[in-house]
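Worksheet: one structure, shown below.
FYI, it's all coordinate maths here, none of it is from the lab. Values in this document were obtained by computation on a predicted structure and should not be read as measured data. In this analysis, Cβ positions are derived from the backbone assuming ideal geometry, glycine residues included, and neighbour counts consider all displayed protein chains.
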Amino acid sequence: MKKENVRDFYDVVWTEYIPEFSESKRHLELFFASDEIRDKEILDCGCGTGIFTNIFASMGARKVTGLDISPGSLGTGRKIQSDLGLTNVEFVEGDMLELPWADASFDIVWAWGSAHHTEDPDRALNEIERVLRPGGSLLLALYKKTRLTWIHEVIRKTLIRTPKSWWVPLARILAFLLWPVVKIRELFRKKARGGESLSELILDWYFVPIRHYYLPETIRHFLESRGYVVEKYHPGSGRFESASNFIFKARKP
C-alpha cells in the first residue's frame, strides 16, 4: 500500500465524518493549556479534518498550519475555518515524510494519529523533530501494539480489499453489530475522548490502507534517548484498549 491509497482513503473518511468541536477542544486541553498556545507557531502534522488546527487557532496561537496528504480532508478543515472566521490558519497539502519547512520552524508540533499511517513512521518522527524549535513541545499519538493486534490486522487486511463504495455502509453495519459490546465495555472503562461516532472509528480502524503499531516503552525510549523530557503520558483514547492510541507530550531540549 502506498501513500496515494492513504490519501484516497481519507478523502472519504474526513469528508464523511467531522469530530465534534467542543469535545475535541476538551481533549486538546488535556495536553495544552491556553497559555502554552498563545502567540505560538504550531504545526498540526497530518491534520485530517483540521479540527485541532482550528481549535489551536481559536485559543490564541499566532499561526497554525495544518498539513495533510488528503485534499478532501483539507477542504473540510478550510470549511471549519471559514465557519469560525479564523484568519491565523493555513492548510497545506503535503507529505509528513518531506515537510516543506526549514529546521526549527515551529514552537509546537501536534501529530495526532498520523505518523503510523505513513510508509516510513521513523522518517516521519525525524521530520517532526527537525521542524520543532529547541524548547518546543511535540505531541505524538500512536497506535498501541497489544496481544490482539494480529486479530485487528486480519480484519483490516480483509476489509480493505472490498470496493471503496462499500466502506461507509460496511462501517455502519459493523457499528450496529458492535454497539451492544461497546455499551457493556463503557460500563467498566470510560472513553477518554468523546465526539466520535462508532462507525467513524470502525472506518478508521479497519479500512485504512497503512497502519503501524508501537509499544509505549519504545516511543518513550526514542524520546528520552534524544534528550526530550516527557511531560505527559496518556495510555489510551480509543473505545477498546486493544485498538487505542497512546499519547506522549514531550519538550525538546
Q: Please compute P(r) over all alpha-carbon pairs of the chain, binned at 5 Å starting from zero, and give each bin as a whole-number percent.
A: 1, 6, 13, 19, 20, 19, 12, 7, 3, 0
(Q) Classify the range 95-182 from the C-alpha gyration tensor, please: rounded if a/c falls under 1.5, else prolate or oblate depending on whether a/b exceeds b/c. (A) prolate
Q) What is the extension gain from Ala102 to Leu30, computed as 0.36 nm multiplied by their sequence separation minus the C-alpha to C-alpha distance, in nm to one decimal? A) 23.0 nm
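Report, in order of residue number, the helices in the chain meeting two criteria: a C-alpha extent of 24 Å or more along the helix axis, and a mean Kyte-Doolittle hydropathy of at least 0.0; treat each whole DSSP H run as one helix.
Helix filter hits for the chain: 167-186.
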Q) For the chain, what is the calculated [θ] at 222 nm in deg cm²/dmol (nearest 500), taking -39500 (n - 2.57) for each run of four or more DSSP H residues and dividing by its residue count? A) -13000 deg cm²/dmol
Q. What are the aspartates and glutamates whose alpha-carbon lies under 15 Å from the alpha-carbon of Lys144, with same-chain residues fewer than 8 places away excluded?
A. Glu153, Asp204, Glu217, Glu241
Q. In the range 5-95, what trypsin sites (Lys or Arg not before Pro) fall in a loop by DSSP, with at most 15 other Cβ atoms inside 10 Å?
A. Arg38, Arg62
Q. Under a point-charge model restricted to the Cβ atoms of Lys and Arg (+1) and Asp and Glu (-1), what is the dipole moment magnitude of the chain relative to its Cα centre, in debye to the nearest 20?
A. 880 debye
Q.
On the Cα set of the range 4-89, report Rg and Dmax in Å, please.
A. 12.5, 39
